[in-house]
1. Mind giving me the FRET efficiency for Thr36 and Ser141? R0 is 25 Å, r the Cβ-Cβ distance, nearest 0.05 is fine.
2. Would you kindly derive the ³J(HN,Hα) couplings of region 114-131 from the backbone phi angles with the Karplus curve 6.51 cos²θ - 1.76 cosθ + 1.60 (θ = phi - 60°), listing them in order in whole Hz, with x for Gly and Pro?
3. Over the heavy atoms of Trp157, what accessible area does a 1.4 Å probe trace out, to the nearest 10 Å²?
4. Pairs of alpha-carbon atoms within less than 8 angstrom and 6+ residues apart define the contacts here; what relative contact order does region 72-129 have, in percent?
5. Run the 1.4 Å probe and let me know the accessible area of His43, rounded to the nearest 10 Å².
6. Return the long-range amide H neighbours of Leu7 (sequence gap of 5 or more, or a different chain), with a cut-off of under 5 Å between placed amide H atoms.
7. Per the chain: cysteines with no other Cys C-beta under 4.7 angstrom?
8. With an 8 Å cut-off on Cα pairs and a minimum separation of 6 or more residues, tell me the relative contact order of the chain in percent.
Amino acid sequence: MSNALVLNATYEPLCVVSERRALILVMNHRAGVVETSGSFIHHPAGDISLPTVIKLNRFVRVPYRNTVPLTRRAIFARDGGKCVYCQAPATSIDHVMPRSRGGAHAWDNVVSACHRCNHSKADRTLKDLGWRLRNIPKEPSGAAWRILGTGRADPRWVPYLQPFGVGSVVA
Ligand SMILES: [Zn+2]
């Protein structure tokens, strides 16, 4: 069984649930199917197609606990999959203020970097090197970002995540 993406009535991505949970929401008329997964559940009255994207029939107000999980996937997505120092494809996570110098493992101190920059930076600070960041790293906000922390996203979810600023790195 795989998972299904749940969209709010406004199409804003909300969360990820199991396909079975998604099917229950649909059968209870709490949600409608937006995309089917291509797999089926066998049923005497006819096979039931499992959803991969559903949309709630009624708008749900989400209490914003703005905690986006600090994962490699989410950091790469925020930074566009590129090294923040030289724009080469990112292959690693760099702590701007090195951990050995007291830098935190937090959204405002982690960036995606290529191996070369990460290696040559080592445990030096940007000031030591005379390097600069184009953007100050910060915690991303918005519902789509929470989806990133839930693990692998189905490529069919991308069109629904993309309008919310996530997508190029998800698939
Ligand atoms: Zn680089």
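The values are calculated or read from the model by the stated rules, or taken from the named source; none is laboratory data. Owing to the predicted nature of the structure, the values given are computational and were not obtained by experimental measurement. Heads up, the Cβs are rebuilt from the backbone with ideal geometry, glycines too, and the neighbour counts pull from every protein chain shown. Just so you know, the surface numbers come from the protein's heavy atoms only, side chains and all, with ligands and any DNA or RNA stripped out. Shrake-Rupley method; radii C 1.70, N 1.55, O 1.52, S 1.80 Å.
1. Efficiency for this residue pair is about 0.20.
2. My calculation for region 114-131 gives 7, 4, 4, 5, 4, 5, 6, 6, 6, 9, 9, 8, 4, 5, 3, 8, x, 8 Hz in order.
3. Solvent-accessible area, nearest 10 Å²: 10 Å².
4. Once divided by the residue count of region 72-129, the mean separation gives 37 percent.
5. Answer for His43: close to 90 Å² accessible.
6. For Leu7, the qualifying residues are Leu14, Ile54, Lys55, Leu56.
7. Those would be Cys15, Cys86, Cys117, since no other cysteine Cβ in the chain comes under 4.7 Å of theirs.
8. Numbers: 308 pairs, mean separation 37.3, N = 171.
The normalised contact order for the chain reaches 22 percent.
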